[in-house]
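In what follows, a structure is listed as structure tokens, so that the remarks can point back to it.
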Amino acid sequence: MCTAVKKPTGRKQGECSAYIPSTVGLSLGQPLRLSLGSRMGVHHLHTVCRMRTSNSTKTSNQGRGFGRSQKTAGRQSRTREATDTVENQDLELNGKIVDGIGAGVAGDRGGRESGEETVTATASVAQEEVAQPPAPEDTGISVDDLMAMIRDAEKNILMLNRVRVRAVEEREQIRAENQMLQGQAKVLTARLAEAEAKAKLTSQLKAKNQLLEEQLSSLQAKLEASVNGSSGITLEAIRTDNEALVDQNTKLQAKVRELKEFVQQLNQAESTNSSLREQLEMMRAQLAEAQLKEKLSSEAKSQSEVLQEQVGQLQARGMESDMKIRTLEQALVQSREAEDEVRALRIALLDSKKTVAKTADELEKVQEQLQLATASLAEKEAERELWSRVQAENEVLRDQVDMLKDRLRDVDIELRDQLERYKAEVAYFQESMEDLRSTSVDVDGKVPVGEMPWDFWSNLLLRIDALALSELITADEGIELRMLAWERDLRIRDAFLAVQEEADNQVANSLRSLLKSKQRPGMHIIHIAAEMAPVAKVGGLADVVTGLGRALQKKGHLVEFILPKYDCMDYSRIKGLKVMDFDLFSYFNGEAFKNKVWRGVVEGLPVYFIEPLHPGRFFWRRSYYGCHDDFERFTYFCRAALEFLLKTNKRPDIVHCHDWQTAAVPPLYWDIYAPQGLNSAQVAFTCHNFEYQGAAPPASLNACGLHSHRYHRPDRMQDNFAPDRINLLKGGIVYSNIVTTVSPTYAQEVRGPEEGRGLHVTLGQHASKFYGVLNGIDNEVWCPSTDPLLEYQYSPDDLGGKFANKMALRARLGMSCTGADAEKPLVGCVTRLVPQKGVHLIQHAIYRTAELGGQFVLLGSSPVPHIQAQFEGVAREFENHPHVRLILKYDESLAHAIYGASDIFVIPSIFEPCGLTQLIAMRYGSVPVARKTGGLNDRYRILNLVQSGLNFALDRALGYFMESREWWTELVTKVMQMDFSWDKPCEEYIDLYQAALARRTVR
């Protein structure tokens, strides 16, 4: 038992002072520092207490030798008093030690930043020397009891610390949830503001609708006024008068015909009269002769009488004829008057017809205005329905905002309650967490194998590779586990769901128990490419790689991808991006360089990204292509990709490379890696465009391990046009087992010198393995009925959303969309502005469309400076034009909007290997105008565009749109229903893969 003296004053708050006798070996008042937050401090305190007890016992034994002296007796009495005091102070010290240890443990969390908090124990020597203390009676607390109390206190403190830590974590989770709910409230508030803006716009449209209705009423009034006329004459009266005039005209024409017949009879009578007059003169002459001869003969006299009678008769007939002539002359006068009346009636009839025609024209105009007003009224009705939907949505948003506000208030109240009683609620939260875990396991267990997302299986494959690389499973076990995942086996799904959040060794043990011999359900295909949509996209290559991979995966094949890790990729589209825990070294330029390998899931496909740790920072350029050392960048990538396959013990059936950037893979595979054991696969190579071939000096090839003197030969990789250069594209053709291009027509075109770009000879030599396979598009990505980048979704059965997208795009780009401009056709063009795409024809199409009364939108940029500058000048020219817009950059969302809004799509390519643009355009109901070349010739062409006939082609397309709307709508529906998916091209690639595997030989 140690002797305690009076406590010193001035001790800081939180310190615990223990007083140790001088026999312990400490100088008077020497401080003893104990870190009560650590085991060493407690051990130190135990040691001091043992020393204190030992010294007390020693002093007691020495005191027994002087029991007879009075001095000793006095000291014994003082010692008893001190002992009683110490017993009381021991109890007090025990409580303070426990409190001090608790304070030390509670402060131990901040010890890393502020340093270790200590408690100072001051040792002091008693002022009186104890000569002979009596044998103490152990009625107080022993040192063992004190140690047990300390241990119990330490356990309690640790438990209390865990409880507090958990409570703090739960409080932080509640705060995070509160912040998340506040963020959702802000989002919903923004959406409410947007809805209110839409409501305001709809109210403006409603006012405009009322104005149009008033204009419709005024037009109807004008129509009635124009029909009735200011004099009160009705249209029926005009028609009646017109019919009467027509009847009168008919009668007059009949009368004129009768008069004409009468005139003919008159003319005949005049001719008869003339002949009679001639006969009369002859009779008179004969009469004169008869009178002369009457004297000579009585017979002559009688003849003269007869002649006179005849003359009298002739004179009577002549008089009758004169009377008829006068009658005919009167009739002729009447006929002429009738003709004048007919002319007057004809003039009146023409005037009446003009009046009627004018009235009919005005009536047609009014009817057209009425039709336009009716159509506008129908649009306003649709807008009114939209307004009602917006109001309904607005009400729903308000309800959601109110619910969120109520929830926020409840959460705040709950947070305050939990902060006040967090100790009591720790058990409740633990039980809730256990319930949630059991519920999540049950839910996951109920998901059918076939309905598990592709992201799950891809993540499982990547996890298996990580386990194999970290040597937690063997290479053979990794192969068998990949096979189970490939088959989407129920057992491996359940096993991985149970341990996917555990450590790697537990995951490895759980998966290893499933292993057994399996037969492959399909082929193992690995694509090595420079692009992949949507994370790294420059052109159609990215879409083809992703679309073909997804199609092969749906057919039951194991498909993996290897890409460079560009710094400019869209990392937001990669799920579960993680660096793999192993070092990959690859040879380049005589040295071994380290690489990081990342894994992630893109569109449900497992992808490996290689990041070279090379001083050249090959893929940290903020661009995919166009660097001065592209040849070195991509040959390095090809060597690192094959090194990755070798180190991970992958045994693929097909290694599929794309374009010149990965054309070094085939010669590297067969000449360097196949001898090392990577020889299970056949190599397929696809050239998407023979214009880009990857030519360089022969010495550049040495860096990746291919010696130039061996490959710089006409039958291998020597460039056909420039014999002093190496051609990577040629090497890909020569060393691959399968060579494909992107359409049958383009495969025929590249066999000629113009499109073959010097490789037509090589293609002819390897014609037996060269094929043209037409590309497709991914119908799930390019689908107007589900496209999230469209303002309004639509389908072939409901095209209303296409017109709404057109109006939205016009408003977005500041183009005219009011009045008659709303009915103008919209011509779209999304392309790279390079000579291959026919940039001069695109520029001409802009002017021609504006001239023909259409609207034009161009989206694209050019890597060629003078072409980019040329189109920038055109953009400045049309900067304030209401019907033309040029956006000289690439914007994925805007590209989808143009596909969804345009009526006509211009694709005037000079040559086109495949062309996905026209497929996407038709998928979105935009009719393409394209040239007969390459893949454009292998697809359904609506209008054939030739270079000399651009005006004619645009005239036809725009004319059909403006004049034959019903036929145009049927055409749009037809092209949207056509099948451009990857199903058929995928089957062709599978057939080529299987044929190559069937004739596999050891090289």
Given (1) under 24 Å from GLU643 (Cα atoms); (2) open to solvent by less than 30 Å² (accessible area, probe 1.4 Å), identify the lone condition not met by LEU511. (1)
Of all residues being without any contact (Cβ under 8 Å) to a residue 60 or more places away in the chain and either among the acidic types (Asp, Glu) or open to solvent by less than 50 Å² (accessible area, probe 1.4 Å) (or both) in region 166-177, which is farthest from LEU404 (Cα to Cα)? Just the residue, please. GLU169
Condition (residue is exposed (fewer than 15 other Cβ atoms within 10 Å of the Cβ) and either at pLDDT 50 or above or in the same structural domain as VAL411 (by the TED database) (or both)) applied to region 107-115: is it met by at least one residue? no
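State which residue is surrounded by the most Cβ atoms within 10 Å (Cβ to Cβ) when the search covers only region 462-488 and only residues that are of a type in the set (Asp, Glu) and over 20 Å from MET523 (Cβ atoms).
Within region 462-488, the subset of a type in the set (Asp, Glu) is 465, 471, 476-477, 480, 487.
Adding the requirement that they be over 20 Å from MET523 (Cβ atoms) leaves 471, 477.
Working: GLU471: 10, GLU477: 18.
Within region 462-488, the match that is surrounded by the most Cβ atoms within 10 Å (Cβ to Cβ) is GLU477.
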Inspect region 592-603 for any residue being surrounded by fewer than 16 Cβ atoms within 10 Å (Cβ to Cβ), more than 20 Å from MET532 (Cβ to Cβ) and not acidic (Asp, Glu) and give the result as yes or no. yes
When region 766-779 is checked residue by residue, the ones that are without any contact (Cβ under 8 Å) to a residue 40 or more places away in the chain and of a type outside the set (A, V, I, L, M, F, W, C) are HIS766, SER768, LYS769, GLY772
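Return yes when PRO612 is at pLDDT 95 or above, under 24 Å from the mean Cα position of the chain (by Cα) and assigned by the TED database to the domain that holds TYR636 and no when it is not.
On the way: at pLDDT 95 or above: yes; under 24 Å from the mean Cα position of the chain (by Cα): no; assigned by the TED database to the domain that holds TYR636: yes.
So PRO612 fails the test.
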Residue count, region 748-765, condition without any contact (Cβ under 8 Å) to a residue 24 or more places away in the chain and among the basic types (Lys, Arg), comes to 1
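Would you check which residues across region 631-666 are within 15 Å of GLY694 (Cα to Cα) and surrounded by fewer than 20 Cβ atoms within 10 Å (Cβ to Cβ) and list them? Walk me through it before giving the result.
Of the residues in region 631-666, the ones within 15 Å of GLY694 (Cα to Cα) are 631-638, 657-666.
Correct list: GLU632 only.
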Do the conditions hold for VAL683, that is, is it open to solvent by 10 Å² or more (accessible area, probe 1.4 Å), among the aliphatic types (A, V, I, L, M), in contact (Cβ under 8 Å) with a residue 24 or more places away in the chain and more than 27 Å from HIS628 (Cβ to Cβ)? no
Select from region 862-899 the residues that are surrounded by fewer than 18 Cβ atoms within 10 Å (Cβ to Cβ) and of a type in the set (Gly, Ala, Ser) and write down the one among them that is nearest to VAL927 (Cα to Cα). SER893
Those residues of region 965-1003 which are assigned to a loop (DSSP other than H, G, I, E, B) and open to solvent by 90 Å² or more (accessible area, probe 1.4 Å) amount to GLN977, ASP979, ARG999, ARG1000, THR1001, VAL1002, ARG1003
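If you check LEU584, LEU563, LEU558, LEU541, which single one turns out to be touching a strand residue (DSSP E or B) at 6+ places or on another chain (Cβ under 7 Å), farther than 30 Å from LEU992 by Cβ and either open to solvent by 20 Å² or more (accessible area, probe 1.4 Å) or in the same structural domain as VAL665 (by the TED database) (or both)?
Values: LEU563 fails: farther than 30 Å from LEU992 by Cβ; LEU558 fails: farther than 30 Å from LEU992 by Cβ; LEU541 fails: farther than 30 Å from LEU992 by Cβ.
Residue meeting the stated conditions: LEU584.
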Within region 161-182, identify whether any single residue is out of contact with any Ser or Thr (no Cβ under 6 Å at 6 or more places or on another chain) and at pLDDT below 65, and answer yes or no. no
Would you mention how many residues in region 693-717 are open to solvent by 30 Å² or more (accessible area, probe 1.4 Å) and touching a Phe, Trp or Tyr at 6+ places or on another chain (Cβ under 6 Å)? 1
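Do we have any residue at all in region 781-800 that's of a type in the set (Val, Ile, Thr) and outside the structural domain of PHE878 (by the TED database)? Steps first, answer last, please.
Filtering region 781-800 for residues of a type in the set (Val, Ile, Thr) gives 781, 786.
Subsequent filtering for residues that are outside the structural domain of PHE878 (by the TED database) retains 781, 786.
So far as region 781-800 goes, yes, one or more of its residues are of a type in the set (Val, Ile, Thr) and outside the structural domain of PHE878 (by the TED database).
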Could you tell me whether region 514-534 includes any residue that is surrounded by fewer than 20 Cβ atoms within 10 Å (Cβ to Cβ), over 21 Å from ARG651 (Cβ atoms) and at pLDDT 85 or above? yes
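For every residue, the table says whether it meets (1) modelled with pLDDT of 95 or more; (2) of a type in the set (A, V, I, L, M).
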| position | (1), (2) |
| --- | --- |
| PHE631 | yes, no |
| PHE634 | yes, no |
| ALA641 | yes, yes |
| LYS647 | no, no |
| THR662 | yes, no |
| LEU668 | yes, yes |
| PHE685 | yes, no |
| HIS688 | no, no |
Looking at region 875-889, is at least one residue modelled with pLDDT under 85, farther than 29 Å from ASP797 by Cα and of a type in the set (Gly, Ala, Ser)? no
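Would you mind listing the strands (runs of 3 or more DSSP E) fully within region 733-851 where at least 1 residues are in contact with a Gly (Cβ under 8 Å, 6 or more places away or on another chain) and open to solvent by 10 Å² or more (accessible area, probe 1.4 Å)? Don't jump to the end; show me each part of the working.
Numbers: elements: 738-741, 770-772, 826-830.
The strands (runs of 3 or more DSSP E) meeting that bar are 826-830.
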Qualifying residue in region 928-941 (condition: at pLDDT 85 or above and open to solvent by less than 30 Å² (accessible area, probe 1.4 Å)): yes
Boolean, GLU414 is modelled with pLDDT of 70 or more and either surrounded by 11 or more Cβ atoms within 10 Å (Cβ to Cβ) or assigned by the TED database to the domain that holds TRP598 (or both): no
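The values are calculated or read from the model by the stated rules, or taken from the named source; none is laboratory data. Quick caveat, the model's predicted, so the values are computed rather than measured. We place every Cβ from the backbone using ideal geometry, glycine too, and count neighbours over all the protein chains shown. Just the protein is used for accessible areas: all its heavy atoms, side chains included, with ligands, DNA and RNA removed. Shrake-Rupley method; radii C 1.70, N 1.55, O 1.52, S 1.80 Å.
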